Amino acid sequence: MAAVAAATVVGVCLTVGSASAGTLSGSLYRDPSSAVVRWVAANPGDSRTAVIRDKIASQPQARWFANFNPSTVQSEVSGHIGAANAAQQIPVLAVYEITNRDCGGASAGGAPDLNQYQTWVSNFARGLGNQTVIIILETDSLALLTCLSSGEISARNEAISTATRTIKSANPNAKVYLDGGHSTWNSAGETANRLRAAGVQYADGFFTNVSNYNSTSGEANFGRNVISALNGMGISGKRQVIDTSRNGGASGDWCGDDNTDRRIGQYPTTSTGDSNIDAYLWVKPPGEADGCRYTAGSFQPDLAFSLANGAPNPPTTAPPTTTPPTTTPPTTTPPTTTPPTTTPPTTSPPNSSPPTGDGCYADVAVNQWAEGFTATVTVTAGKSEINGWKVTVELPSGAAVTGTWNAQASGTSGTVQFTNVSYNGRVAGRQSTTFGFQGTGTGPGRIAVCVG
């Protein structure tokens, strides 16, 4: 992303009361195959691993689509969306493919021209399914225009507007946000003008702070001013999402590669308590480089550790939930694209039986495709509360677990035991919690036992 010089902006402090959240509700999807999760799995003995695992790898982050791959992007999106839908959680996808991306800077690239960009976007959109998904559309594309002529700016605006409508047409439940820069870049009025020119009227709103570390309160104040300016243009109902992945520290150089004074900010959530803000997201994955000292987009454990070390622990009072977002209840209609599919298997595997007294039992729902599967497991307590649980799953020959969420796995093949994590071990009587895993091969034949 672009190196951006910060300017001093004087904001008006507004008090946020007990306003409800924005238009989103539900838990965000944690990708079990992200770069940080893979690093943690491959480096169990590293002194930095525990901190990175507990404070970064445990959290939902955006999946970036930044390679120009029109022939394969649909299947890549479909696979990611299928796993998120199986977990009944909301995925965040960052599209970073616009022509002349980053004005040729450290993150240069993108589609060769805007016609090929639209082809890529159309293929991308076909993989989105029909459930809620958050799209962060083209970071820096509107805030950074210094390398473009007036004609090129107009063409880019039209391309982003068309991309927004293409995504919305493919999945009406997609929530699309356009580039709003950040609070120390362009003014709120200029940002609103650029958003209007790029078709924000077709989008759900705008995102800020992906390219900087400004405080959440400062970004929220800036966002209110942008929304006010849009309202003055006759464009109403737009909301903000804020990247909080790296804004928990003090001021300093913009580039995270060289700055050890930054910390992760507020943990990702759709529960913002602010009717203007739909979500606090980790769009820029903590630990991925900006391109100053390391290759842009590469995961660097020293950067991740610097951001996480000394930062607060994730909240334990509001554990993640797999309750589907209220705006789009889950459907068993399969997406129109290639598998994975949300259609359940034609035969339901036998599960452990409900206890007549105390203890727990577990049910599994499997989404199977040609080469792999995802499984969502519901753990239900008996008559009395349980404080800790363990579920044993038997995998058929050739199957292997490749990722787990909301649980810890012991083993990857054969008989695999899953135990609770810190925030979901306590389950009240007759209540439930869920966890999930994905893998290669054929999904689990049965759940052998649940012990609570």
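The values are calculated or read from the model by the stated rules, or taken from the named source; none is laboratory data. A quick note: this is a predicted structure, and the numbers were derived from the prediction, not measured. Here the Cβ is made from the backbone with ideal geometry for all residues, glycine too, and neighbour counts use every protein chain on show.
Return yes or no: is Gly189 at pLDDT 95 or above, of a type in the set (Gly, Ala, Ser), more than 23 Å from Asn173 (Cα to Cα) and assigned by TED's automatic domain parsing to the domain that holds Thr272? Step through it out loud before you land on a result.
On the way: at pLDDT 95 or above: yes; of a type in the set (Gly, Ala, Ser): yes; more than 23 Å from Asn173 (Cα to Cα): yes; assigned by TED's automatic domain parsing to the domain that holds Thr272: yes.
Judged against the criteria, Gly189 is a match.
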Point to revise | Residue satisfying all of: in the range 26-52; among the basic types (Lys, Arg) and surrounded by fewer than 20 Cβ atoms within 10 Å (Cβ to Cβ); farthest from Gly436 (Cα to Cα) among these | key: Arg48
Review point. Taking the range 209-241 only, how many residues are in a loop (DSSP other than H, G, I, E, B), crowded, with 19+ Cβ neighbours inside 10 Å and small (Gly, Ala, Ser)?
Key: 1
Point to revise | Test for Gly218: is it in the same structural domain as Thr272 (by TED's automatic domain parsing), in contact (Cβ under 8 Å) with a residue 60 or more places away in the chain, at positive phi and under 25 Å from the mean Cα position of the chain (by Cα) | key: no
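Run down Thr404, Thr337 and say which single residue is within 18 Å of Phe437 (Cβ to Cβ), under 22 Å from the mean Cα position of the chain (by Cα) and modelled with pLDDT under 85. Reasoning before the result, please.
Details: Thr337 fails: within 18 Å of Phe437 (Cβ to Cβ).
Result: Thr404 is the single residue among Thr404, Thr337 that is within 18 Å of Phe437 (Cβ to Cβ), under 22 Å from the mean Cα position of the chain (by Cα) and modelled with pLDDT under 85.
For Phe206, are the conditions met, namely being aromatic (Phe, Trp, Tyr) and either under 21 Å from the mean Cα position of the chain (by Cα) or not in a helix (DSSP H, G or I) (or both)?
Working: aromatic (Phe, Trp, Tyr): yes; either under 21 Å from the mean Cα position of the chain (by Cα) or not in a helix (DSSP H, G or I) (or both): yes.
Yes, satisfied.
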**Study point:** Candidate set: the range 381-393, residues that are loosely packed, with under 15 Cβ neighbours inside 10 Å and not polar (S, T, N, Q); chosen: the one nearest to Gly436 (Cα to Cα)
**Key:** Gly388
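Mind checking which residues of the range 376-417 are assigned to a loop (DSSP other than H, G, I, E, B) and hydroxyl-bearing (Ser, Thr, Tyr)? Break it down into steps so the answer makes sense when it comes.
Looking only at the range 376-417, we keep the residues that are assigned to a loop (DSSP other than H, G, I, E, B), and these are 382-385, 388-389, 395-399, 406-407, 411-414.
Residues satisfying the conditions are Ser384, Ser397, Thr412, Ser413.
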**Study point:** Members of the range 434-452 that are modelled with pLDDT under 80 and either more than 27 Å from the chain's Cα centre (by Cα) or more than 20 Å from Val37 (Cβ to Cβ) (or both)
**Key:** Gly445, Arg446, Ile447, Ala448, Val449, Gly452
Check your understanding: Inside the range 64-81, can you point out the residues that are assigned to a helix (DSSP H, G or I) and over 12 Å from Thr119 (Cα atoms)?
Key -> Ser75, Glu76, Val77, Ser78, Gly79, His80, Ile81
Review point. Pick from the range 365-380 the residues that are among the aliphatic types (A, V, I, L, M) and surrounded by fewer than 23 Cβ atoms within 10 Å (Cβ to Cβ): which of them is modelled with the lowest pLDDT?
Key: Ala370
**Study point:** Hits in the range 120-171 - residues which are farther than 24 Å from Ser107 by Cα and not β-branched (Val, Ile, Thr)
**Key:** Arg126, Gly127, Leu128, Gly129, Asn130, Gln131, Arg165, Lys168, Ser169, Ala170, Asn171
Practice item. For the range 111-133, state whether one or more residues are buried (at least 22 other Cβ atoms within 10 Å of the Cβ), touching a Leu at 6+ places or on another chain (Cβ under 7 Å) and outside the structural domain of Val401 (by TED's automatic domain parsing). Key: yes
Review point. Given (1) modelled with pLDDT under 95; (2) more than 25 Å from Phe65 (Cβ to Cβ); (3) in contact with a Cys (Cβ under 8 Å, 6 or more places away or on another chain), where does Gly273 come up short, assuming only one miss?
Key: (3)
Review point. From the list Gly297, Gly287, Gly310, which one is modelled with pLDDT of 85 or more, of a type in the set (Gly, Ala, Ser) and either farther than 22 Å from Asp54 by Cβ or touching a strand residue (DSSP E or B) at 6+ places or on another chain (Cβ under 6 Å) (or both)?
Key: Gly287
Check your understanding: Looking at the range 178-198, which of its residues are in contact with a strand residue (DSSP E or B) (Cβ under 8 Å, 6 or more places away or on another chain) and in a loop (DSSP other than H, G, I, E, B)?
Key -> Gly180, Gly181, His182, Ser183, Ala198
Check your understanding: Within the range 417-424, is even one residue modelled with pLDDT of 85 or more and either crowded, with 18+ Cβ neighbours inside 10 Å or of a type in the set (A, V, I, L, M) (or both)?
Key -> yes
